[in-house]
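Structure first, then comments.
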Amino acid sequence: MTCANCVNSVEGILKKLPGVKGAVVALATSLGEVEYVPSAISKDEIVQAIEDAGFEAAFLQSSEQDKILLGVIGLHTERDVEVLHDILKKMDGLRQFDVNTVLSEVEIVFDPEAVGLRSIVDTIEMGSNGRLKAHVQNPYTRGASNDAQEASKMLNLLCSSLFLSIPVFFIRMVCPSIPFLSTLLSMHCGPFLMGDLLKWILVSIVQFVVGKRFYVAAYRALKHGSTNMDVLVVLGTTASYLYSVCALLYGAFTGFRPPVYFETSAMIITFVLFGKYLEVLAKGKTSDAIKKLVELVPSTALLVLKDKEGKHVGEREIDALLVQPGDVLKVLPGSKVPADGVVVWGTSHVNESMITGESAPVPKEVSSVVIGGTINLHGILHIQATKVGSGTVLSQIISLVETAQMSKAPIQKFADYVASIFVPIVITLSIVTFSVWFLCGWLGAYPNSWVSENSNCFVFSLMFAISVVVIACPCALGLATPTAVMVATGIGANHGVLVKGGDALERVQNVNYVVFDKTGTLTQGKAVVTTAKVFSGMDLGDFLTLVASAEASSEHPLAKAVSDYAFHFHFFGKLPSSKDGIEQRKDEVLSQWLHEAEDFSAVPGKGVQCSINGKHVLVGNRTLITENGVTIPPEAENFLVDLESNAKTGILVAYDGDFVGLMGITDPLKREAAVVVEGLKKLGVHPVMLTGDNWRTAQAVAKEVGIEDVRAEVMPAGKADVVRSLQKDGSIVAMVGDGINDSPALAAADVGMAIGGGTDIAIEAADYVLVRNNLEDVITAIDLSRKTFSRIRWNYFFAMAYNVVAIPVAAGALFPFTGLQMPPWLAGACMAFSSVSVVCSSLLLRRYRKPRLTTVLQITVE
């Protein structure tokens, strides 16, 4: 594919196929994603439809869980194929298989419940006595090899074209000034001159052998009612070639030899191929981010072998793609963790910077969670795989980046529209150029001195027309947006900012409001109890036991803080010192220590209620207590007001209809919160804080971070309504939340940003996933978007300005005043380099550096 029109053609053809539900094609990555019904159409038919349209296509991967593509080493003879068939027929759990002897591949449909992927690979190797070795085909490796093949193919064509075109150029420009060669080339070979005959033979090979790809692509494009760059190249070069052949034959039979321009078509094809080769190389650079992420995954894993009793009996190196959930894997110091899992033996430190962006090594011990692709630094670990394949964090990140690169930014619609009318307009301009120059020459409107002695009015006009066709470049417009979006999404991933698509990337540059959830977003999400006070005759220990019993069934972060405080009050200094011992002992005593809570229910945004010892217990905020008719004593009210004024949340407790006591809980602010809020104001963005907490606590927290606009006591369901109210005047609203409680608001916002530690990322509701739990990334997301779309606008300006300036120059607009005439071969060179320059412009985004906290406060709105 060369331009946006090619993309539109392929998408249009795919969407018309029976059984295809949807299709998205990306120019920058040369990838397409097709959603189809396998019973109605096969993948081979989809590939064939794309190839019939004039493009080359190959199947890479499928999202079907029960289908796998295996490469098989050792498939050399018919006997080998028969052996493979026999092995697969005898295997349980296989539904069907298809062996491709040309590519040495076998596609298998199997039942994952009945047979594992590793079992299939092992059975093939054992059944063939080691002659056949199967391995999982990595789609990224295949994609990279396809890119390498494309670059190699383009280089071979370019070298062939250069090898044939340089002699043609030499014969035209250099040989006439060398007497011996000039005499040799002026010799007659039948009715033709030797020089002309040599040029004709060499250029014919360039035109129809090397340039065959342009003819094939142009024919197929026209067959489907579309036009692209190939059509322009074919028109320009064919016009020059046919004219030269006619002039040569005319001269051979009449004796009057008009000038021939064989070198024009040869040089045009050479320069276009050179441009395409540079473009393939440059486009390969734009996908570096995905390549780096893929390289994080180790190629092999050490499987710990155990007997039936669970004893360690040995180790075996396996392909990392064959790891199955439940496998115990050995991770050596300095090696990469092969899959997401849990440590079952050993202690070490792991470098997780490639996933979370945090440079400090993270300590790991038994029960610690590890992420695939991270590096084990010191000790040996045994981990049990929990997530493999597409379920791992790294695979999800790669998938997000791929999805973003496949999507189209709304600004791309402009290029799509221009591409759809570009080629017909250029051809029309070319015809008009020829007609105007020819008619003016025929009517004697310009002096004969403008036309060279051995030329004529027709040839003079034709050269201008060919230059117009060849210099026009729809490719630069088509590449302006996707290449920049591709680089930006990759850069974002490197900085822990995952963006789902070009539309989200485009929206965030114009954001007016950033709405922050308080708990876990502006604060650390690590609530701690700072005080507990009883306002009845109940003992403090009994009070804490009552509250912890009521909160034991709740999953709210504040409930955990209450339970931990009560536990430490009762058992501090009475448990073993080691962490494992504490956890084990804690589990044992919890069942004996807590009362049994019956009829438990959580009241969203208010608290919990249950029955303990047959009496009604309420634990929650002021609203829950007062709604149930419980009176809060004045001294408790004063104590509560004092807590809330100091940015603490009050948890009130009622037992059997009477107020018993309260607890003060604080959640420390993130250290960067205040600076980020100030930075957003400098960027011209209005920060808003949204919380279910009471007004006093909310305002105290907001004052600390510098937010003036506070929305407090908002129920979880009402958060989306607050977002919609801000959108009423047409403002663009971004919502930053933890992605779980805030998912309705994240979905309602123009831009949803889920902030989390990398493993619990809420991919569904948010447009952005901020992998590191750091608010600085909100500014990074906005800044990256603004710089990306500034680059895209420059790309569009350059691509449009190039065509607006170049086409009139090629048409001869300056010739009457300056005598400047652009030869068609030079026009071809300009066209080739215009698209390369746009891709290189997008590649400049790779130099992006995220704003530092120290400089954020100096940012001013332009």
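The values are calculated or read from the model by the stated rules, or taken from the named source; none is laboratory data. This is a predicted model, so every value here is computed, not measured. We place every Cβ from the backbone using ideal geometry, glycine too, and count neighbours over all the protein chains shown. Ligands, DNA and RNA are excluded from the accessible area calculation, which covers all protein heavy atoms including side chains. Shrake-Rupley method; radii C 1.70, N 1.55, O 1.52, S 1.80 Å.
Key figures
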quantity: Among residues of region 285-329, those that are small (Gly, Ala, Ser), crowded, with 17+ Cβ neighbours inside 10 Å and in contact (Cβ under 8 Å) with a residue 24 or more places away in the chain, counted; calculated: 3
quantity: Residues satisfying the stated conditions in region 363-380, i.e. within 23 Å of GLY496 (Cα to Cα), of a type in the set (Ser, Thr, Tyr) and open to solvent by 20 Å² or more (accessible area, probe 1.4 Å); calculated: SER368
quantity: Some residue of region 154-164 being aromatic (Phe, Trp, Tyr), at pLDDT below 80, open to solvent by 70 Å² or more (accessible area, probe 1.4 Å) and part of a helix (DSSP H, G or I); calculated: no
quantity: Residue count, region 430-449 (criterion: at pLDDT 85 or above and in a helix (DSSP H, G or I)); calculated: 13
quantity: Single residue of GLU45, GLU78, GLU56 found to be closer than 23 Å to ILE290 by Cβ and open to solvent by 70 Å² or more (accessible area, probe 1.4 Å); calculated: GLU56
quantity: Residue selected from region 394-424 under the condition within 30 Å of VAL337 (Cα to Cα) and of a type outside the set (A, V, I, L, M), by the criterion least open to solvent (accessible area, probe 1.4 Å); calculated: GLN405
quantity: Scan of region 201-226 for residues that are in contact (Cβ under 8 Å) with a residue 60 or more places away in the chain and over 16 Å from ALA239 (Cβ atoms), ordered by number; calculated: LEU202, VAL210, VAL216, ALA217, TYR219, ARG220, ALA221, LYS223, HIS224, SER226
quantity: Residue within region 134-149 that is closer than 30 Å to LEU198 by Cα, modelled with pLDDT under 80 and out of contact with any helix residue (DSSP H, G or I) (no Cβ under 9 Å at 6 or more places or on another chain) present; calculated: no
quantity: Filtered residue count, region 698-721, keeping only those that are over 21 Å from LEU746 (Cα atoms) and at pLDDT below 85; calculated: 0
quantity: Identity of the residue in region 213-235, in contact with a helix residue (DSSP H, G or I) (Cβ under 8 Å, 6 or more places away or on another chain) and in a loop (DSSP other than H, G, I, E, B), that ends up least open to solvent (accessible area, probe 1.4 Å); calculated: ASN228
quantity: Positions within region 450-459 being open to solvent by 10 Å² or more (accessible area, probe 1.4 Å) and either assigned to a helix (DSSP H, G or I) or of a type in the set (Lys, Arg) (or both), in sequence order; calculated: TRP450, CYS457, PHE458
quantity: Residue in region 745-775 that is modelled with the lowest pLDDT, counting only those that are open to solvent by 30 Å² or more (accessible area, probe 1.4 Å) and among the hydrophobic types (A, V, I, L, M, F, W, C); calculated: ILE763
quantity: Selection count where residues are among the small types (Gly, Ala, Ser), under 35 Å from the mean Cα position of the chain (by Cα) and not in a strand (DSSP E or B), scope region 290-334; calculated: 4
quantity: Extreme residue, nearest to HIS224 (Cα to Cα), among residues of region 1-41 that are open to solvent by 60 Å² or more (accessible area, probe 1.4 Å) and of a type in the set (Ser, Thr, Tyr); calculated: SER30
quantity: Where a residue in region 395-410 is under 12 Å from VAL769 (Cα atoms) and in a helix (DSSP H, G or I) and its partner, wherever it lies, is among the aromatic types (Phe, Trp, Tyr) and open to solvent by 10 Å² or more (accessible area, probe 1.4 Å), with Cβ under 6 Å and at least six apart; calculated: none
quantity: Residues of region 665-693 that turn out to be surrounded by fewer than 20 Cβ atoms within 10 Å (Cβ to Cβ) and either more than 40 Å from the chain's Cα centre (by Cα) or small (Gly, Ala, Ser) (or both), as a count; calculated: 2
quantity: Tally, over region 153-195, of residues that are β-branched (Val, Ile, Thr) and without any contact (Cβ under 8 Å) to a residue 12 or more places away in the chain; calculated: 4
quantity: Residue among ILE383, ILE427 that alone is open to solvent by less than 60 Å² (accessible area, probe 1.4 Å), hydrophobic (A, V, I, L, M, F, W, C) and either farther than 30 Å from VAL24 by Cα or not in a helix (DSSP H, G or I) (or both); calculated: ILE383
quantity: Test for THR489: is it within 30 Å of GLY664 (Cβ to Cβ) and assigned to a helix (DSSP H, G or I); calculated: no
quantity: Residue among ALA252, ALA239 that alone is touching a Phe, Trp or Tyr at 6+ places or on another chain (Cβ under 6 Å), of a type in the set (A, V, I, L, M, F, W, C) and assigned to a helix (DSSP H, G or I); calculated: ALA252
quantity: Residues satisfying the stated conditions in region 470-498, i.e. open to solvent by 10 Å² or more (accessible area, probe 1.4 Å) and out of contact with any Lys or Arg (no Cβ under 7 Å at 6 or more places or on another chain); calculated: PRO482, ALA493, ASN494
quantity: Residue list for region 255-271, restricted to those being in a helix (DSSP H, G or I) and in contact with a Phe, Trp or Tyr (Cβ under 8 Å, 6 or more places away or on another chain); calculated: PHE262, GLU263, THR264, SER265, ALA266, MET267, ILE268, ILE269, PHE271
quantity: Selected residue [in contact (Cβ under 8 Å) with a residue 40 or more places away in the chain, out of contact with any helix residue (DSSP H, G or I) (no Cβ under 6 Å at 6 or more places or on another chain), over 30 Å from TRP593 (Cα atoms) and not in a loop (DSSP other than H, G, I, E, B)] from THR531, THR521; calculated: THR521
quantity: Residues that are among the small types (Gly, Ala, Ser), without any contact (Cβ under 8 Å) to a residue 40 or more places away in the chain and either surrounded by fewer than 16 Cβ atoms within 10 Å (Cβ to Cβ) or part of a helix (DSSP H, G or I) (or both), drawn from region 694-725; calculated: ALA702, GLY706, GLY718, ALA720, SER725
quantity: Qualifying residue in region 786-793 (condition: at pLDDT 90 or above and small (Gly, Ala, Ser)); calculated: yes
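So that you can scan it fast, the table gives a plain yes or no per residue for (1) of a type in the set (Phe, Trp, Tyr); (2) in contact (Cβ under 8 Å) with a residue 60 or more places away in the chain; (3) assigned to a helix (DSSP H, G or I):
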{"site": "VAL769", "(1), (2), (3)": "no, yes, no"}
{"site": "ASN774", "(1), (2), (3)": "no, yes, no"}
{"site": "ILE779", "(1), (2), (3)": "no, yes, yes"}
{"site": "SER785", "(1), (2), (3)": "no, yes, yes"}
{"site": "PHE789", "(1), (2), (3)": "yes, yes, yes"}
{"site": "PHE797", "(1), (2), (3)": "yes, no, yes"}
{"site": "TYR802", "(1), (2), (3)": "yes, yes, yes"}
{"site": "PRO816", "(1), (2), (3)": "no, yes, yes"}
{"site": "ALA827", "(1), (2), (3)": "no, yes, yes"}
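Residues checked against (1) surrounded by 16 or more Cβ atoms within 10 Å (Cβ to Cβ); (2) more than 30 Å from CYS840 (Cα to Cα):
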| position | (1), (2) |
| --- | --- |
| THR237 | yes, no |
| LEU242 | no, yes |
| ALA247 | yes, yes |
| GLY251 | yes, yes |
| VAL260 | yes, yes |
| ILE268 | yes, no |
| PHE274 | yes, no |
